[in-house]
Amino acid sequence: MAARRRDSDLSRQLLAQLQWVELHLNSQASLAGSDETDPGTSDWWASTTVRVLPDEDEADGIEPWYKADGTALSTKRLDEESIDVTIFEANGLTIDLQHVEDVHDALDARSEDYAN
């Protein structure tokens, strides 16, 4: 029963963080292009983070939500008062099929994983 209660408490803590989640999305594409930098392709990467201010609960021995297994990919202290918690990361490649003649070559130019 204690494990279920702990999971329920963690769920409530995580849901309370949703309003503070930030999506960071970046993209890079070449304007002119060459063999490996085809102008019809765009690399992208994204992450979601939450900035948290550790509170007195941690000092009282209550484990913060971001220290529970499986809730954070990484944490980074920003300053004396705040921590940046990364909860999601992804990256990929967007291909404009109207501008890329050979999709396989465009993928192969990036990496063997993309080609496969």
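Counting the residues of the stretch 84-113 that are part of a helix (DSSP H, G or I), open to solvent by 80 Å² or more (accessible area, probe 1.4 Å) and not charged (D, E, K, R) gives 1. Residues in the stretch 75-116 that are under 30 Å from P64 (Cβ atoms) and aliphatic (A, V, I, L, M): L78, I83, V85, I87, A90.
Scan (1) open to solvent by 70 Å² or more (accessible area, probe 1.4 Å); (2) modelled with pLDDT under 80; (3) outside any loop (DSSP other than H, G, I, E, B); (4) not hydrophobic (A, V, I, L, M, F, W, C) for the single condition E58 breaks and write down its number. With respect to (1) open to solvent by 70 Å² or more (accessible area, probe 1.4 Å); (2) modelled with pLDDT under 80; (3) outside any loop (DSSP other than H, G, I, E, B); (4) not hydrophobic (A, V, I, L, M, F, W, C), E58 is out only on (1). Cβ separations smaller than 7 Å between residues 6+ apart or across chains give the following pairs from the stretch 99-116 residues that are more than 16 Å from G40 (Cβ to Cβ) to residues that are not basic (K, R): A115/H104; A115/L107; A115/D108.
The values are calculated or read from the model by the stated rules, or taken from the named source; none is laboratory data. From a predicted model like this one, the values you see are computed outputs, not experimental measurements. In this analysis, Cβ positions are derived from the backbone assuming ideal geometry, glycine residues included, and neighbour counts consider all displayed protein chains. With ligands, DNA and RNA removed, areas are computed over all heavy atoms of the protein, side chains included. Shrake-Rupley method; radii C 1.70, N 1.55, O 1.52, S 1.80 Å.
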